[in-house]
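Below is one structure, written out as structure tokens, with a few remarks after it.
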Amino acid sequence: MSSLIHLSLIDENSYPTTLNGDDESKYQQLLEITEGEAIHWQSIEINLRGFEPALQLWDTIAGNSRLLLIASFNFFPHKLLPPDADISGTFGFFPADMVKDLYTIMEEKYDFDISNLEGQQIIAEIEQDGIDEVNPEAYELVRDKYFVTFRDATEQGKSIVVLIEQ
């Protein structure tokens, strides 16, 4: 079953620096703010079993920081929720400074050839660690959508929100 991964641009200052309530109510407040303030930029329709290894491959190529994976699924503006928050969905967030830094690396690595020996070794390591195979078409789709979103957010000085509809 496919999921929709929505990438949106937002000014980080649209979010408060504190929220009251339990984890779920804070999460719902973040969703409301995002819905009202963010600009929808890109969507990716893909099965999560294809998305995660593709994102992991792009992350490995673009610096192996694990930031793309962590921040796409479970990171919050102003650390309004802890990483282990008990919420009913996912909320990904990349602050503007992180967006700028990651985009610089993405720009350098965009043309990396995954069919070369180094690329095949990276894919083998990802597939060895996980249960899902890396699909080259899924990788290109994820790489392209993230690249364009990070480029445009960098140009506008915006942060990025990642919401996943399952």
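Before moving on, here are some points about what is shown:
- Rounded to the nearest 20 debye, dipole of the stretch 30-166 from Cβ charges on Lys, Arg, Asp, Glu: 360 debye
- What the chain shows is 53 Å² of accessible area per residue, with the surface traced by a 1.4 Å probe over protein heavy atoms.
- Ranking by accessible area, most exposed first, for I33, I131 with a 1.4 Å probe: I131, I33
- Cα-centre dipole for the stretch 1-102 with unit charges at Cβ (Lys and Arg positive, Asp and Glu negative), debye to 20: 320 debye
- As a length-normalised measure over Cα pairs under 8 Å and 6 or more apart, the relative contact order of the chain settles at 40 percent.
- Extreme residue, positive dipole direction of the stretch 86-166, given options A96, Q128, N116 (C-beta unit charges): A96
- 0 to 90° range, to nearest 10: angle between helix 117-129 axis and the chain longest Cα axis: 60 degrees
- For the chain, a Gaussian network of Cα nodes joined below 10 Å ranks D129, D113, D152 by mean-square fluctuation, and the top entry is D129.
- For the chain: span of alpha carbons on each principal axis (Å, largest first): 51, 33, 24
- Gain in span if fully extended, Q120 to L31, counting 0.36 nm per residue against the direct Cα distance: 28.2 nm
- Look at the dipole of the chain built from charges on Cβ: of L55, L67, V161, the Cα furthest out on the positive end belongs to V161.
- Counting only protein heavy atoms and a probe of 1.4 Å, the accessible surface of the chain is 46% carbon and sulfur.
- Largest GNM mean-square fluctuation across T104, T149, T34, computed for the chain with C-alpha springs under 10 Å, falls on T104.
- Here the Kirkwood formula puts the hydrodynamic radius of the stretch 65-115 at 12.4 Å, using every distinct Cα pair.
The values are calculated or read from the model by the stated rules, or taken from the named source; none is laboratory data. Predicted, not measured: the structure shown is a model, and the values here were computed from it. Positions of Cβ are backbone-derived with ideal geometry, glycine not excepted, and every protein chain shown enters the neighbour counts. SASA here: full protein model, heavy atoms, side chains in, ligands and nucleic acids out. Shrake-Rupley method; radii C 1.70, N 1.55, O 1.52, S 1.80 Å.
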